[in-house]
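Beneath this line is the structure, given in structure tokens, with notes to follow.
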Amino acid sequence: MRFFSLRALPAFAGLCCLLLTSLPVRAVEPSEMLTDPALEARARTLSKQLRCMVCQNESIDDSGAPLAHDLRVLVRERLKAGDSDAQILDFLVARYGEFVLLWPRLSWHTAALWGLPPVALLFGIATLVVFNRRRRRAGAEDSANLTPVEEARLSDLLREGR
């Protein structure tokens, strides 16, 4: 008993190739990697926190841009020199600005960046509450202003619906 026909084999092979090409590609080259596994792990953690200045929405760990390569090498050099993670991040922020961080630090410069989403969410919720209350009041006022003929017709319709 066959599970698939031989005619479906090319389509299956094409699907497998498509799935393999959609796997995430890591841009870290073997020549960049450190021999010390602990330092390499720290380098990978740091490079996932840093933005590629060319790609802008990718970390330098994922980017294949030459500038991302240079930043990965710089991070590894600073690690070999004995810098802490915070020192490396501070060095890069001093050199490239807060934009180099994928998740900017909370400071008075980035207060709007961090504060705007919760404020917008609260504003949206308040708008929905006010809109809903106005709609209920309008519905209650409309039903309170029915003529006796309309009220009789409404009660007839409600009895028929049961």
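When T110 is tested against (1) within 19 Å of T45 (Cβ to Cβ); (2) under 22 Å from the mean Cα position of the chain (by Cα); (3) not basic (K, R), exactly one condition is not met: (1). Here is a check on your reading of the model: is L39 hydrophobic (A, V, I, L, M, F, W, C) and either outside any loop (DSSP other than H, G, I, E, B) or modelled with pLDDT of 75 or more (or both)? So L39 fits the description; yes.
Cβ separations smaller than 9 Å between residues 6+ apart or across chains give the following pairs from region 106-119 residues that are under 20 Å from V93 (Cβ atoms) and not assigned by TED's automatic domain parsing to the domain that holds D90 to residues that are among the hydrophobic types (A, V, I, L, M, F, W, C) and in a helix (DSSP H, G or I): L106/L113; L106/W114.
On inspection, R133 fails the criterion of being in the same structural domain as L34 (by TED's automatic domain parsing), more than 24 Å from the chain's Cα centre (by Cα) and of a type in the set (D, E, K, R). Residue count for region 85-97 satisfying the condition of being surrounded by 11 or more Cβ atoms within 10 Å (Cβ to Cβ) and out of contact with any helix residue (DSSP H, G or I) (no Cβ under 9 Å at 6 or more places or on another chain): 2.
The values are calculated or read from the model by the stated rules, or taken from the named source; none is laboratory data. It should be emphasised that the depicted structure is a prediction, and the values quoted were computed from it without experimental measurement. Cβ sites come from the backbone with ideal geometry, for glycine too, and all protein chains shown count toward neighbours.
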